Amino acid sequence: MSDGRVRRVFVEMLREEWRLHSRLFGGSHFSLFPVFICLLVGGAAKLLSVTGTDPQTVFAGLHALVFVFGLHTGSIGFVGRDALQNLLGDVTLLVFSARTLPLSQSTLLGLFVVKDSVYYAVLFLLPISLGTVLAVQGTVGPLLVIETVSILWTTLVLMFVLGMGATIAALGLAVRGVPGLALLAAPLAAVGAAVVSGVDVVSYTPYGLFLAQTPMRVGTTAIGIVGVFLLGAVTFDATAPRPAQTVEPAFRAWWRRLGDPVATKSLLDIHRSAGGFGKVLFSAAVLFGVTAALVDFAGQITGVPPSPGISFGAILGLSGFTTYNWLTQSDDVTLYFAHPLSVRAVLRGKFRAFLLLGPLVGLAFYGLALGWRGGPVAEAAVGAILLVGVACYIFGTTVYLTGLSPNEFLFDTALFAVFGVAMVLPLVPVLIVGFAISPLSGTLLAALGGSGGVLGAVGVGLYRRSVPKWATRYQQA
């Protein structure tokens, strides 16, 4: 547009994104996060390279993770509206303002995608690319490093954009009823059939373009990205009002069963928010898929069949963080001050809700893993102990560091680094045993089972120590 409205809205969207992160996570701490990401990803890539992992495997895994990040980012702007309103008050993001701004819905949607692409490409994907290439290739040949970083950064951005476009198209089709769901299932079935028939689907993605910059791969990548966004532009309506829903007054019934009002409210908040309990299941399902891939990957590197019980148990326990995150995402601690509830009672209710939801979801996927992969009964029992222990340990650590705001440390460099160290120290030895040692002796299994119990006890201890700490802080705030 000649009047500059598009450019002005785009600039304001970038400012909106920065202010959103600044308000949620603290601007000064968030600004250091790209540096930490570069060091963290570079360190992980270096560790993989020195253990004999092929560089192409590292780059392939990086593209897969960025694609998942794109899927998640696309959903944040649309599905997470209720959470943003609870966290930030009565707000309306610019992407939802087509009825009040002199711009069409499709224009705002396009600006939203371009804004997210630019924002995350500079703050996240560029540090990731730089850290990975320096770790894998070193500083020998500066021109080669610059060329590789440029290509990797470009294909990671394209993979991120493809993930966002897939989410937008899927959301648009999902609300179109049975015809939309059938149309959504068609490409998924086609991709599955292509994989089964031996077609190299990866070569038609941005990762294929990273491997070889041929005209064919440039064309297929462009067609894929443009295709999902055209589908999203046609089907997705960011301004569509939510359908009215009538729900029964279930609080008292749930309260009688659970015996705790805060636990009841927390579980009802998840149940009645966008996605419901499906969000918790989805988070655990992602960990399940990642673990399955890691088990296969570790077996190829070490030549030793990993222990499904120990591997799946330890990693699925990480779902404790996402569960606690969902239990607190709709909360503002100041809202509890209007009721005759102490901070101690609020944290106790969150702990009860976590115990009712987190370990049970993890154990459900753990049972699925054992049914699929099998394994000795003793290893399965120890893996279950590890899962519950790791989940409780993560819960206690998260509460101790962040109180009722677990999202805050995700982009707080100092807190994230402390959390990372707290996770690495106890979990890496367990994962090394699960991935690289087979068969496991009775003594080693007993030690692993004991470590699961110790982790659980430490988590409960950290939770108890966090109660007076956060009670004082919230009362003084």
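How many residues are among the hydroxyl-bearing types (S, T, Y) and open to solvent by 50 Å² or more (accessible area, probe 1.4 Å) when one looks only at region 53-67?
1
Looking at (1) farther than 21 Å from Y400 by Cβ; (2) modelled with pLDDT of 80 or more; (3) surrounded by fewer than 16 Cβ atoms within 10 Å (Cβ to Cβ), which is the only condition S342 fails?
(1)
Would you please name the residue that is least open to solvent (accessible area, probe 1.4 Å), looking only at residues in region 198-207 that are assigned to a helix (DSSP H, G or I) and more than 13 Å from L62 (Cα to Cα)?
Ranking the candidates gives S203 first.
Within the bounds of region 346-368, is there any residue that is among the basic types (K, R) and in contact with a Ser or Thr (Cβ under 7 Å, 6 or more places away or on another chain)?
Taking every residue of region 346-368 in turn, at least one turns out to be among the basic types (K, R) and in contact with a Ser or Thr (Cβ under 7 Å, 6 or more places away or on another chain).
Which one of these does M216 not meet: (1) hydrophobic (A, V, I, L, M, F, W, C); (2) under 28 Å from the mean Cα position of the chain (by Cα); (3) at pLDDT 80 or above; (4) exposed (fewer than 13 other Cβ atoms within 10 Å of the Cβ)?
(2)
Of all residues in region 323-367, how many are among the β-branched types (V, I, T) and under 15 Å from T398 (Cα atoms)?
Final tally of qualifying residues: 2.
Between residues in region 199-228 that are polar (S, T, N, Q) and residues that are open to solvent by 70 Å² or more (accessible area, probe 1.4 Å), which pairs lie under 6 Å by C-beta distance while being six or more apart or on different chains?
Correct list of pairs: T220/Y204.
Can you tell me which of T328, T291, T322, T302 is touching a helix residue (DSSP H, G or I) at 6+ places or on another chain (Cβ under 7 Å), buried (at least 19 other Cβ atoms within 10 Å of the Cβ), at pLDDT below 90 and within 27 Å of P439 (Cβ to Cβ)?
Sole residue among the options that is touching a helix residue (DSSP H, G or I) at 6+ places or on another chain (Cβ under 7 Å), buried (at least 19 other Cβ atoms within 10 Å of the Cβ), at pLDDT below 90 and within 27 Å of P439 (Cβ to Cβ): T291.
The values are calculated or read from the model by the stated rules, or taken from the named source; none is laboratory data. Every value quoted in this text rests on a predicted model; they were computed, and no experiment measured them. Glycine gets a Cβ as well: all are built from the backbone with ideal geometry, and neighbour counts include every protein chain shown. What goes into the accessible areas is simple: the full protein's heavy atoms, side chains included, and nothing from ligands, DNA or RNA. Shrake-Rupley method; radii C 1.70, N 1.55, O 1.52, S 1.80 Å.
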